[in-house]
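Have a look at the structure below, then the notes.
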Amino acid sequence: MRNFWQDLRYAARTLRNAPGFTIIAVVALGLGMAVNTTIFSVINGMLLRPLPVPHAERLAVLAMEQPGMAGFQRFSYPDYQDIGRQTNVFSDLLAYRITLTALSADRKADQCIVTRVSGNYFSALGIQAAAGRLILPSEGQAPGADSILVLGYSYWKKRFAGDSEVIGKHVEVNGHPVTVVGVAPNGFHGAYAILDSDAYVPLSAPIGSKGMAENSVEQLWTQRGDRSLSLLGRLKSGVSLKQAQASLNVAAQQIAERYPATDKGMTVTAFPEKLARPDPDPDNGLPKIAAAFTVLAALVLFVACFNIANVLLVRATVRQREMGIRAALGAGRWRLVRQHLTESMLLALLGGGAGLLLANWAAGFLSSLPLGTNLPISFNFEPDLRVYVYALAGVLVSTVMVGLIPALRVARYDVNSVLREGGRTASEGRRRHIARNTLVVAQLAGSLLLLIVAGLFERSLDKAQQTYLGFDPNHVLNFSLDVQQMGLDKIHGEQFFLQVDERIRALPGVVSVAQAFILPMGVVSTDDPVTVEGRPVEAGEHVPTVMYNDVTPGYFDTLRIPILSGRAFSAAENEKAPAVAIINQTMARKFSSVENAVGKRFSIKGPGGPFIEVVGIVQDGKYKGIVEDPMPFFYLPLSQVYVDFRTFHVRTSLPPERLQRDIESNLHALAPDIPVKEMQTMTQALQGINGFFLFRFGAQLTSTMGLLGLILAVVGVYSVVSYAAAQRTHEIGIRMAMGAAPRDILRMVLSQSVVVVGVGLAVGLAAAFAGTRAIASLIVGVRPTDATTFVTVVILLAAIALVACWIPARRATQVNPLVALRYE
């Protein structure tokens with residue numbers, strides 16, 4: 001230990017005496033560590049950090065599959081009860097459902113995420129209340145009973161300023177009175193990974209769902225086709241996931257045989273909670289994305305380490321005489337190697353510390369990125385113990401990668417030869433360049449791979465932005481209003497929406513105005529099971545669930561959605577008129593063909609109706625995300641289904657941002673206290689999490705990593721060529737004295753450098769052809785071997801690398817022969 005502290009002090013003095021090198025090395029390693037730690041912080045927040053509940057490793061998410069249905073499905077309440085009774089592997093099995101509601105208190109309403117939960121929700125998770133009490137297992141067992149509410153901690157602090165007097169207070173959820181009984185603990189955001197639930201109510205509470213006709217709790221309790229519940233089980237102590245899966249297989253088979261009309265062929269799969277975020281995915285794509293970005297981040301660190309290792313290799317050559325003297329005074333080879341490794345460790349520690357500071361800032365920045373919605377979406381990427389351990393591992397890896405090759409070079413020095421040469425380095429042989437050239441090749445190959453991946457993501461973003469969305473997002477301004485927050489009932493709410501519509505239409509620059517419940521590719525969506533008239537549901541056939549939107553007649557003109565057949569909605573279609581709908585092409589094909597779908601009827605209330613007549617067909621579009629396959633979708637007129645929360649779409653002839661202030665002033669003239677939510681252009685709204693956010697984030701992240709790799713590789717190439725030229729100064733002087741022309745010197749210096757660059761590019765191309773196939777599922781509209789990207793990146797990197805070679809080579813031609821001949 002005494003020798004270690006001595007080596008550490010000596011390493012610190014050595015680095016202090018070379019401030020330029022130390023700063024460059026720490027910055028390079030710090031950037032590499034920052035990228036790695038930031039990526040791991042994101043992965044940790046998304047996949048690795050357990051729910052803040054006791055024994056979270058024993059939690060399992062259940063998902064159901066059924067023939068004819070794409071992906072995993074949720075569960076009905078009867079299925080939930082049957083699975084709980086017929087399995088003995090869970091100490092508790094809880095159910096919950098996320099709903100968008102209006103929560104009113106003190107004559108002020110908020111748009112909130114309220115989680116409807118089974119009575120054992122909190123007891124199964126093993127958490128305690130921050131104030132008051134939580135929902136008890138004995139509550140919520142009978143339809144319509146126990147109208148109580150538990151506030152989420154964040155919402156309690158934001159809405160009620162953390163006032164404990166709120167316990168026992170009566171509030172309203174969608175107009176239904178409930179009593180606040182407690183507050184969830186700090187740090188607990190709910191069982192759904194990315195949402196911070198504002199409140200919790202029992203499944204039995206008759207609160208309805210915001211923006212939708214209220215379904216009776218009795219139907220939820222009895223209908224097996226109402227699959228809206230997420231299930232989360234806590235495994236008994238000593239029970240493995242494999243054992244639980246075997247029990248679920250038996251239970252699912254029994255349920256399918258007993259209820260073939262709705263559950264025929266069903267299977268139930270259990271996933272570890274951390275691998276089912278935010279929802280169980282049959283393709284399990286999130287771990288693949290995490291692995292891909294981890295490899296890319298590690299590549300940045302490797303390039304940085306190769307860069308510093310190359311510089312240390314040069315320094316080791318320069319310090320040959322120093323090491324020879326230390327060896328002559330009795331220092332063994334291991335002691336000399338340890339000294340170099342200690343210097344590398346100190347550099348890695350300094351770089352790791354700088355990287356952690358940068359990563360901590362980056363994680364906070366990423367956690368606060370706008371996602372295009374005011375809903376309480378929660379991402380926590382702040383570093384924890386797991387991140388610090390990962391960073392320490394990165395420091396250790398960096399120490400070995402940075403210091404091992406220079407240390408091994410020291411171990412091979414011949415002490416007598418070094419002292420006899422007196423430090424002359426002009427005659428370095430070809431073999432001594434192999435290590436440095438190999439590191440340069442590795443840097444160039446890694447940089448090329450990073451740049452190609454970045455190019456593919458940039459091309460993918462460009463292709464995604466060119467994707468036809470089914471509507472025209474340009475020159476459209478969006479904002480949302482909730483009249484329930486103003487305390488308006490249905491009659492007064494409809495009048496208010498009409499007044500808003502008329503005032504906005506009268507503004508100069510406004511072309512058209514429309515209203516809708518949900519935003520295209522927004523966070524909130526609505527769906528219902530659809531039954532086609534005259535097509536009975538066969539035994540075992542699952543009724544498909546189809547997404548829809550409630551809109552006003554001007555919606556299709558405002559968003560420029562082409563009507564292919566039939567007509568748009570009219571003002572005459574009110575609550576007393578026959579129910580009508582407009583469907584898209586994919587849904588029309590369910591009626592035998594697109595051409596014959598107008599006039600057909602379907603029901604969202606079951607085979608017995610009431611039925612809705614199709615009056616128009618519109619072109620397919622994007623409804624949930626950019627990369628989705630064509631999916632059925634339909635529209636209902638808002639005049640037939642009242643919704644108190646609406647999104648306004650305003651098409652303008654001017655840049656839409658110029659009308660924001662005028663629209664806000666008109667709204668506040670109608671209702672001074674009305675909160676205007678999410679006023680932004682449609683193009684801004686499409687940057688949200690379901691729009692271009694992930695494409696843009698991926699492109700920016702990979703571009704950052706590619707740029708870092710490029711800078712580090714170019715610095716490495718320049719350093720090696722510059723050093724090699726400096727080492728050959730004596731030789732250059734002799735050649736020039738014997739009549740060599742500057743172009744001969746230039747050719748001599750460049751020849752070896754060009755070979756190294758060529759080898760690096762070839763190795764990088766081979767790695768890119770093999771490696772980019774792994775990210776094929778992460779890019780859209782671009783092949784992983786896209787020729788345009790590969791050619792562009794190779795030409796760019798080759799040009800920059802050759803310039804980095806040419807500068808020191810050009811400088812070598814300007815050496816004075818007399819000075820060069822005296823060069824040591």
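The values are calculated or read from the model by the stated rules, or taken from the named source; none is laboratory data. The structure displayed is predicted, hence computed values, not measured ones. Backbone-built Cβ (ideal geometry, glycine too); neighbour counts: all protein chains shown. Protein only, heavy atoms only, side chains kept; ligands, DNA and RNA dropped before computing areas. Shrake-Rupley method; radii C 1.70, N 1.55, O 1.52, S 1.80 Å.
Odds and ends about this structure:
- In summary, residue 472 fulfils each of the numbered conditions (1) among the charged types (D, E, K, R); (2) closer than 30 Å to residue 649 by Cβ; (3) surrounded by fewer than 18 Cβ atoms within 10 Å (Cβ to Cβ); (4) modelled with pLDDT under 90 with the single exception of condition (4).
- Filter pass, residue 519 being open to solvent by 40 Å² or more (accessible area, probe 1.4 Å) and either polar (S, T, N, Q) or under 27 Å from residue 99 (Cα atoms) (or both): no
- Selected residue (only one of 387, 337, 410 is surrounded by 17 or more Cβ atoms within 10 Å (Cβ to Cβ), modelled with pLDDT of 80 or more and either assigned to a loop (DSSP other than H, G, I, E, B) or touching a helix residue (DSSP H, G or I) at 6+ places or on another chain (Cβ under 6 Å) (or both)): 387
Table: residues versus (1) free of Cβ contacts under 8 Å to residues at least 40 places away in the same chain; (2) among the aliphatic types (A, V, I, L, M); (3) more than 30 Å from residue 34 (Cβ to Cβ).
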{"position": "683", "(1), (2), (3)": "no, no, yes"}
{"position": "695", "(1), (2), (3)": "no, no, no"}
{"position": "701", "(1), (2), (3)": "no, yes, no"}
{"position": "711", "(1), (2), (3)": "yes, yes, no"}
{"position": "755", "(1), (2), (3)": "yes, yes, yes"}
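- Note on segment 260-301: residues that are at pLDDT 90 or above, open to solvent by 30 Å² or more (accessible area, probe 1.4 Å) and not polar (S, T, N, Q) total 4.
- The residues on offer are 6, 81, and the sole one that is without any contact (Cβ under 8 Å) to a residue 12 or more places away in the chain and closer than 30 Å to residue 260 by Cα is 81.
- The lone criterion from (1) within 30 Å of residue 356 (Cβ to Cβ); (2) open to solvent by 10 Å² or more (accessible area, probe 1.4 Å) left unmet by residue 108 is number (1).
- Across segment 624-682, the number of residues qualifying as closer than 30 Å to residue 487 by Cβ and in a loop (DSSP other than H, G, I, E, B) comes to 13.
- Sub-6 Å Cβ pairs linking a first residue in segment 470-481 that is under 13 Å from residue 679 (Cα atoms) to a second residue that is of a type in the set (Gly, Ala, Ser), at least 6 apart or interchain, are 478/685, ordered by first then second residue.
- Qualifying residue in segment 45-64 (condition: under 24 Å from residue 401 (Cβ atoms) and open to solvent by less than 40 Å² (accessible area, probe 1.4 Å)): no
- Residue count for segment 432-459 under the criterion of being among the polar types (S, T, N, Q), touching a residue at least 12 places away in the same chain (Cβ under 8 Å) and surrounded by fewer than 23 Cβ atoms within 10 Å (Cβ to Cβ): the result is 1.
- Considering (1) crowded, with 21+ Cβ neighbours inside 10 Å; (2) over 18 Å from residue 375 (Cβ atoms); (3) at pLDDT below 90; (4) not basic (Lys, Arg), the lone condition that residue 672 does not fulfil carries the number (1).
- When the helices (runs of 4 or more DSSP H) confined to segment 2-111 are screened for residues that are of a type in the set (D, E, K, R) and more than 23 Å from the chain's Cα centre (by Cα), those reaching at least 3 such residues are found at 2-16, 77-86.
- Output for segment 488-516, where each listed residue is closer than 19 Å to residue 101 by Cβ and within 35 Å of the chain's Cα centre (by Cα): 516
- Criterion (closer than 18 Å to residue 679 by Cβ and either among the hydrophobic types (A, V, I, L, M, F, W, C) or in contact with a helix residue (DSSP H, G or I) (Cβ under 7 Å, 6 or more places away or on another chain) (or both)) met by exactly one of 532, 523: 523
- Any hit, segment 593-615, residues being in a loop (DSSP other than H, G, I, E, B), β-branched (Val, Ile, Thr) and surrounded by fewer than 22 Cβ atoms within 10 Å (Cβ to Cβ): yes
- Within segment 234-282, the set of residues being touching a residue at least 60 places away in the same chain (Cβ under 8 Å), outside any loop (DSSP other than H, G, I, E, B) and among the acidic types (Asp, Glu) comprises 263, 273.
- Each residue in segment 164-174 was checked for being assigned to a loop (DSSP other than H, G, I, E, B) and either among the polar types (S, T, N, Q) or open to solvent by less than 40 Å² (accessible area, probe 1.4 Å) (or both), and 1 pass.
- Selection status of residue 392, of a type in the set (A, V, I, L, M), open to solvent by 30 Å² or more (accessible area, probe 1.4 Å) and at pLDDT 70 or above: yes
Results for (1) of a type in the set (A, V, I, L, M); (2) out of contact with any Asp or Glu (no Cβ under 8 Å at 6 or more places or on another chain); (3) part of a strand (DSSP E or B); (4) surrounded by fewer than 21 Cβ atoms within 10 Å (Cβ to Cβ), shown as yes or no for each residue.
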residue	(1), (2), (3), (4)
136	yes, yes, no, yes
140	no, no, no, no
145	yes, no, no, yes
155	no, no, no, no
158	no, yes, no, yes
162	no, yes, no, yes
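- One residue stands out in segment 745-803 among those that are open to solvent by 30 Å² or more (accessible area, probe 1.4 Å) and touching a Pro at 6+ places or on another chain (Cβ under 7 Å): the one that is nearest to residue 458 (Cα to Cα), namely 776.
- Evaluation of residue 670 against the conditions (1) touching a residue at least 40 places away in the same chain (Cβ under 8 Å); (2) closer than 27 Å to residue 492 by Cα; (3) under 36 Å from the mean Cα position of the chain (by Cα) shows that the sole unmet condition is (3).
- Of all residues in segment 553-602, those that are within 13 Å of residue 632 (Cβ to Cβ), out of contact with any Pro (no Cβ under 7 Å at 6 or more places or on another chain) and at pLDDT below 90 total 4.
- Tally, over segment 448-487, of residues that are more than 24 Å from the chain's Cα centre (by Cα) and either closer than 30 Å to residue 402 by Cβ or in a strand (DSSP E or B) (or both): 8
- Some residue of segment 630-640 being open to solvent by 40 Å² or more (accessible area, probe 1.4 Å) and farther than 30 Å from residue 596 by Cβ: no
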